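Asker: Below is a structure I'd like to ask you about.
Quick note: the coordinates plus some simple rules give every number you see, no bench work behind them. The structure displayed is predicted, hence computed values, not measured ones. Virtual Cβ from ideal backbone geometry, glycine too; neighbours counted across all protein chains shown.
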Amino acid sequence: MDELALAERLIAYDTSKDDGLRAAAEFVKGWLEARELRVESREHEGLPLIIAEAGPPTGPLVVLHGHLDVVPAFAEQFVPRVEGDRLIGRGAYDMKGALAAMICAVNDASQQDQVRVKLICVPDEESENVESRSTDVLVKQGIEADFAITGEPTDLHIGVQAKGVLALRLEVIGTAAHGSTPWLGDNSILKAHDIYRRIETLPFSRQSSDLFDRPSINLARISGGDAFNKVPDRCLIDVDIRYLPGQDPELILEQIERIADLRVVRKFHRVPAIVSRQNRYVLALRAAVSSIRDGEALSIGRDGASDAISFLEAGIPAVEFGPVGGGHHGPREWVSISSLSSYRSALSSFITGLPSYLGEQAPPPQLRAVEG
């Protein structure tokens, strides 16, 4: 089974639901065991994790990290279909296509004896339970890896930076009145929308960096009102802010808290992901990617956060690297079929070429290192 057939099989599981996650994890486990790879099953809060290993017992350890879960979709989006070079379906780009190629690359790595390769397949990267992620738990339990690649969408570029996360639940305070006389009240739902627009214009929102033109600010959820015939006096809004490397989340929070009639009731913070462009593993991956694509492979910034930060916070260099595609979380999510083969090839070339690169090669002379 090649990476395309494997990706199609994975897309067919509705892994936005627990039953689909368990069925998909069993399939992945069986596929790996059938190829005599070392496989371990674990659980995190009732959801399955799959860990597989290939290569020798000693040597540099590279982690290939992916997630099985997807955001919810309609039933027809879990029926994969091919249109030209595009494989279309929920999770094709984020990130079952990449995961399929990673699974194949781990099997490829069993044919070499110098680099240890560990596949970590998690069930909760898309989960709203941001305070208890399985990747965080695994890393804290002790994964002594030398380098990690998480297969988030990057169009065959190497993501060396990702924005940080400041997720806020804000309570907006209005004044209640009878629904027939709304002019006597202060509608908190309408006010919440105005407050969100004010947040979009705060000073932090107009800043940029070398890899990002601006932070991302999204109004993700509104909840307000408790009666049909009443002007709502309380409203909750969830605001998802992806801030830039170099920005101070506390200063962002201070700017928001100065807005009148607003109270922060919950917040979640995750720092930006930054890895040195001069890291030898990064440069070895760059060399492998450059062999299968035209143009510069290194140094892009990712608007979305990822589990790469879990490794970085533990002192393990990590990047985002995935195949070509588009429309993730949208109605026509797709991944390039040809890029899946290129992606698998780049991962395998990186693994087989790593020992000589670590031992002998210096950064290519034409590369100008810039630290962000």
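Asker: Along the charge dipole of the chain, pointing to its positive end and built from +1/-1 on Cβ of Lys, Arg, Asp and Glu, which listed residue (49, 24, 284) has its Cα farthest out?
Answerer: Highest projection toward the positive end goes to 284.
Asker: Which residue, chosen from 143, 327, 347, occupies the Cα position most advanced towards the positive end of the dipole of the chain, where the dipole is computed from +1 (Lys, Arg) and -1 (Asp, Glu) charges on Cβ about the Cα centre?
Answerer: 327
Asker: A further question follows. Using the beta-carbon distance between residue 206 and residue 269 and R0 = 30 Å, what value does 1/(1 + (r/R0)^6) give for FRET efficiency, to the nearest 0.05? Kindly include the intermediate steps, with their values, before the conclusion.
Answerer: Working: r = 21 Å, r/R0 = 0.70.
Using R0 = 30 Å, I get an efficiency of 0.90.
Asker: At 0.36 nm per residue, and after removing the present C-alpha to C-alpha distance, how many nm does the segment from residue 113 to residue 2 gain when stretched out fully? Working shown, then result.
Answerer: Details: separation 111, 0.36 × 111 = 39.96 nm, distance 2.26 nm.
Here the answer is 37.7 nm.
Asker: Determine, for the chain, the count of lysine pairs separated by eight or more sequence positions (or lying on different chains) whose alpha-carbon distance falls under 24 Å.
Answerer: Qualifying lysine pairs in the chain: 13.
Asker: Between residue 82 and residue 58, what is the label-point separation in nm under the 7 Å Cα-to-beta-carbon projection?
Answerer: Calculated label separation equals 4.5 nm.
Asker: Per residue Cα convex hull volume for the chain, in cubic angstrom? Each step should come with its number before you reach the end.
Answerer: Working: hull volume 55.2 nm³, N = 372.
Normalising the Cα hull of the chain by residue number yields 148 Å³.
Asker: Taking the Cα centre of the stretch 164-270 as origin, sum charge times position over the Cβ atoms of Lys and Arg (+1) and Asp and Glu (-1), and report the length of that vector in debye to the nearest 20.
Answerer: 180 debye
Asker: Considering only 166, 223, 203, whose Cα is most displaced toward the positive end of the charge dipole of the stretch 149-229, charges sitting on Cβ of Lys, Arg (+1) and Asp, Glu (-1)?
Answerer: 203
Asker: For the stretch 164-270, what size does the Cα cloud have along each of its three principal axes, sorted from largest down, in whole Å?
Answerer: Largest to smallest, the principal-axis extents are 53, 21, 19 Å.
Asker: Can I ask one more? On a 0 to 90 degree scale, rounded to 10, what angle separates helix 18-34 from the longest Cα axis of the chain?
Answerer: Rounded to the nearest ten degrees, it is 10.
Asker: Hey, got the dipole for the chain? About the Cα centre, +1 on K and R Cβ, -1 on D and E Cβ, debye to the nearest 20?
Answerer: Values: 39 positive and 54 negative charges, 101 e Å.
Here the size comes out at about 480 debye.
Asker: Out of all DSSP beta bridges with both ends in the chain, state the antiparallel percent to the nearest 5.
Answerer: Values: 53 of 71 bridges.
Approximately 75 percent, going by the DSSP bridge assignments.
Asker: Which angle from 0 to 90°, rounded to the nearest 10, does the C-alpha axis of helix 337-360 make with the longest principal axis of the chain?
Answerer: 60 degrees
Asker: Still on this structure, please answer the following. If packing is taken as the average count of other Cβ atoms within 10 Å, what order do 149-162, 281-294, 90-103 fall into, highest mean first?
Answerer: Details: 149-162: 25.1, 281-294: 19.8, 90-103: 30.6.
Taking the mean over residues of other Cβ atoms within 10 Å, the ranking is 90-103, 149-162, 281-294.
Asker: Can you show me the helix-derived [θ] at 222 nm for the chain, built from DSSP H runs with n ≥ 4 at -39,500 (n - 2.57) apiece and divided by the number of residues, rounded to the nearest 500. List each step's numbers first, then the result.
Answerer: Numbers: 9 runs with 111 residues, N = 372.
Computed mean residue ellipticity for the chain: -9500 deg cm²/dmol.
Asker: Can you tell me how much longer the chain between residue 38 and residue 291 gets when fully stretched, taken as 0.36 nm per residue apart minus their C-alpha distance, in nm with one decimal? Working shown, then result.
Answerer: On the way: separation 253, 0.36 × 253 = 91.08 nm, distance 2.99 nm.
Separation in residues times 0.36 nm, less the Cα-Cα distance, equals 88.1 nm.
Asker: Residue 251 to residue 276: FRET efficiency via 1/(1 + (r/R0)^6), r the Cβ-Cβ distance, R0 22 Å, to the nearest 0.05?
Answerer: Working: r = 25 Å, r/R0 = 1.15.
It comes to 0.30.
Asker: Give me the angle, in degrees from 0 to 90, between the Cα long axis of helix 280-290 and the longest principal axis of the Cα atoms of the chain, rounded to the nearest 10.
Answerer: 80 degrees
Asker: As an exercise, identify the trypsin sites (Lys or Arg not before Pro) in the stretch 238-275 lying in DSSP coil whose Cβ has no more than 10 other Cβ atoms within 10 Å. Spell out each step's value before the answer.
Answerer: Values: sites: 242, 258, 263, 266, 267, 270; in loops: 258.
In loop regions of the stretch 238-275 (DSSP not H, G, I, E or B), the sparsely surrounded trypsin sites (Lys or Arg not before Pro) are 258.
Asker: Continuing with this model, one more query. For residue 259 and residue 131 in the same chain, what is the full-extension length gain: residue separation times 0.36 nm, less their Cα-Cα distance, in nm?
Answerer: Details: separation 128, 0.36 × 128 = 46.08 nm, distance 2.68 nm.
So the extension gain works out to 43.4 nm.
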